[in-house]
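The numbers here are math on the coordinates, done by the rules we state, and not lab data. In this text the structure is predicted, and so the values were computed from the model without any measurement. Cβ placement follows ideal geometry from the backbone for every residue including glycine, while neighbour counts extend to all protein chains displayed.
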Amino acid sequence: MSLPQLLSDPIIGIDLGTTNSLVAFSDAAGPRVLCNEAGERMIASAVRYSNGAAVAVGCDARRSAAEYPAETVLSSKRLMGRSYDEARARTGGEVSQLCAGARGLAAIRAGGATLLPQEVAAVILRELRRIAEVQLGVSVRRAVITVPAYFDDGQRQATRDAARLAGLDAVRIVNEPTAAALAYGIGARGRSETIAVYDFGGGTFDISILQVIPDGGSGDGDLFRVLSTAGDTHLGGDDIDELLARHIARDGARELESVADEPTRALRDRAESTKITLSLRESVDIEFETSDGTRNACSVTRATFDGLIRPLVQRTIDACARAMRDGGSPAIDRVVMVGGSTRIPLVRQLVSEFFALEPYTAVDPDLVVALGAAVQASVLRGDRRDVLLLDVIPLSLGIETVGGAVAKLLMRNAMIPARATELFSTSVDNQTSVRLQVVQGEREMACDCRSLATFELRGLPAMPAGIPQVEVAFLVDANGVLQVSAVERRSGCRASVQVVPSYGLTVEEIERIEAESLVHARSDMHHHRVVDLAVNCALDIKWIEEALAKTRSELSEPYVTKVEALLAQLREFVGAARATPHEVDADAFFAAKDLLDRASMHLHETSIARSLREMSIPTKESIP
Ligand code: AMP
C-alpha cells in the first residue's frame, strides 16, 4: 500500500452508523476507506462486554451476538443523547438492555456494566482510530464525525463526548447527507444547488433536502443548509428480507401443500442473499430447509420481488413527498443515493421517477458517507483538492471493443459537462448479451488503460453478428460524474452504469499516464490498427465463406480458386494478428483485405441475385 508522504497530525473521516461504522482518509489521490487487519471496511457497530469491560468490538462482537445476547450491545446509536423515557418510547422496547442512567438519561446494561450510549460509541470510535493508526502509520487525534441530519444538540454533544472518550477531537460534526454530497464533489465548484439525499440502509430510511450555498470567497467553505428531513427509523433492508423470507416460506409450503413456517434466521439470511442477487439478475432459484428438515425449492423472479416490495418502497417515496413539501417544494438539481438498499433496481427506478432525475449511484452507497467525511477532513486540514476540482476531463474515456482495442468517446481535456454517443454492434451470431468495459486512459489497448466499470446489456433478441445497433452514450455532468448508458435500438434493451472517473487519480498520475501514451504512441496505433483489421476481416471471411457455399455452382472454377486463395491468405493474417499482433505488417494486411474485397464483389452480386430469385413472388403465369 502506498502511504501519504510525511503525514503528520492527520484528520480522519468517520461514519458512525447504527449498524456499521467506517473510517476513511483523503489525500492527493482522493478519499478511501481504511480496512482492518481482516480486510473489512465496514466495522459492525457492536460491542460485547464481560465483567464490566469491553471484550470484543466490531464484526467479532456481531458474529457472537446470538451466543451472548445479554452481553452484546447493538444499535446503541438509536439511544445516543436521549432521555430514558424518550428512548423507551422511540425504540418501542427493542433495545432489551435499556435502563435509566444518571440524570434520567438512557443507559444500557450489558455484561456486568451500565453504560451510556456514548461510552459504547467510544469503544467503536477507539477501534476505528486504531485501524487508521495502523493503516496510516502515525498517531491520529482528530476526526470529522457524521451524524444524521435530524440529530439535535444533545445527540451531537453526546457524539462529541464519545469522541473525547476515544481520545479523538471531533473537529467537525457533519450531517450524513452533507457528507454524501461532499463525496460527489457537490458544492466544490461554488454553484448554488438544491439536492436530495435518499438514504435507505438496513434498518432506517432518511430523506434530506439540502441547499448548497457557495462560500462567496470568505474561505469558510460552502454552507449546506438542511431545508427539511423525513424518514422512518424502522424501515430498511431488514424489512425487505422479512417480506421475501415469508414469500419463500409460503411458496415452498404451497408446493408441499404443507403449512408455512415462520421464517427462521437461516431463511432470512437466504432471503437477503436472494435479494442481493436479484439486484443483478432477473431470477434466482433457491433451495432451503424448513424447520422440520424438509428440503424445498422455489424460484423468485425480479418481477415477483418488485411486486412484493413495492408498497414498502412506496412508503419511502411518500416520505420524499413530505420532505419536499416541508422544504417548500424546491427544484431539485441532484439526487444522491446512500445505503445498501439503494442498489435495488426498483428503488432506483421509483426515486428517479419521483424526482424526474437520474440519481447519483457512482460512489459505493455503503461508503459514500465515510468518504465524504474524509473529504471534509482534508478541506479542514487545508490539503489541496485539485483532483476533484478539475473542470476538464483529465484522461480520455472510452469502451473496450472486440479484440481489446479502445474506442474513445470523450477525449482528455474536453470541458465538462460533456456528452458523446457512438454506435457499436455484435461480433458473434445470436449474441444475446454484450459486455461493456468502460476504460480511462490515453493508450490504444484496454489492457493498458484503467478499467472504471463493467456492465452488461442483456436480453438482446438473437440476430446475426453486426446487425444489432448498440448506441453507447457517455455523459460527464458538472460534478464530474460519468453516466454510461447502452441501448440496443431495435429491441429497446438498455443498461447503464455510473462512475466518478477522477477518484483515485493524482495530478502526477495523470501526467505519468499522458507521458507513457506518448512513448507508446506509434506501437499502440499499429496494435490498434492490426486488431481492428483482424476483427473486420474475421466477419468478412465468414460472410464470404457463406456466400461461396451457397453460390458455388453458379461461379466459374478459376474465380472460385482465386477467391479461395485470397481467403486463405487473409485467414493467415488474422491468425497472426491474434497471436503476435506487433509482428504483423499492417499495410500488407490491409492490402490483402483490399484484394479480397475487390475480388469478392462478383460473389456478392451473384449471392444477392440468388436471394432475390428465392424471395421473388410467383407471377400469374406460374399459378396452375
Ligand atoms: P447499510 O445500512 O447502508 O449498510 O445497508 C445495508 C442494507 O443494504 C442491508 O439490508 C443489505 O441487505 C442491503 N444491501 C446490500 N447490498 C444490496 C444489494 N446489492 N441489493 C439489495 N440490497 C442490498
Expressed in angstrom and rounded, the centroid-to-centroid distance over alpha carbons for region 501-548 and region 264-328 is 43 Å
With the charge dipole of the chain built from beta-carbon charges (+1 for Lys and Arg, -1 for Asp and Glu) about the Cα centre, the Cα from ILE332, SER208, MET615 projecting farthest to the positive end belongs to SER208
Express in whole angstrom the spacing between the alpha-carbon centres of region 20-47 and region 118-145.
-> 10 Å
Partners for LYS275 among lysines (Cα-Cα distance below 30 Å; same-chain residues under 8 apart left out) | LYS77
Phi angles of region 156-168, converted by Karplus (6.51 cos²θ - 1.76 cosθ + 1.60, θ = phi - 60°) into ³J(HN,Hα) in whole Hz with x for Gly and Pro, give 5, 5, 4, 5, 4, 4, 4, 4, 4, 4, 8, x, 10
Please give the peptides 420-433, 166-179, 305-318 ranked by average Cβ packing (other Cβ atoms within 10 Å per residue), highest first, as a rough proxy for protection.
-> 166-179, 305-318, 420-433
Average the reciprocal distances over every distinct pair of alpha-carbons in the chain, invert the result, and give the Kirkwood radius in Å.
-> 28.2 Å
Determine, for each peptide in 564-574, 330-340, 46-56, 292-302, the mean count of other beta carbons within 10 angstrom over its residues, then list the peptides with the highest first.
-> 330-340, 46-56, 564-574, 292-302
Going by alpha carbons, how many degrees (0 to 90, nearest 10) lie between the helix axis of 117-136 and the longest principal axis of the chain?
-> 50 degrees
Under a point-charge model restricted to the Cβ atoms of Lys and Arg (+1) and Asp and Glu (-1), what is the dipole moment magnitude of region 73-184 relative to its Cα centre, in debye to the nearest 20?
-> 180 debye
Protection proxy ranking of 584-594, 352-362 - average other beta-carbon atoms within 10 Å, highest first | 352-362, 584-594
Gyration tensor over alpha-carbon atoms, region 331-442, equivalent ellipsoid semi-axes in Å | 30, 23, 14
Given unit charges at Cβ for Lys, Arg (+) and Asp, Glu (-), the dipole magnitude of the chain about its Cα centre in debye, nearest 20, is 1040 debye
Find the relative contact order for region 520-614 and round it to a whole percent, using C-alpha pairs within less than 8 Å whose residues are 6+ positions apart.
-> 44 percent
Give me the lysines in straight-line cross-link reach of LYS593: C-alpha distance below 20 Å, same-chain residues under 8 apart excluded.
-> LYS542, LYS562
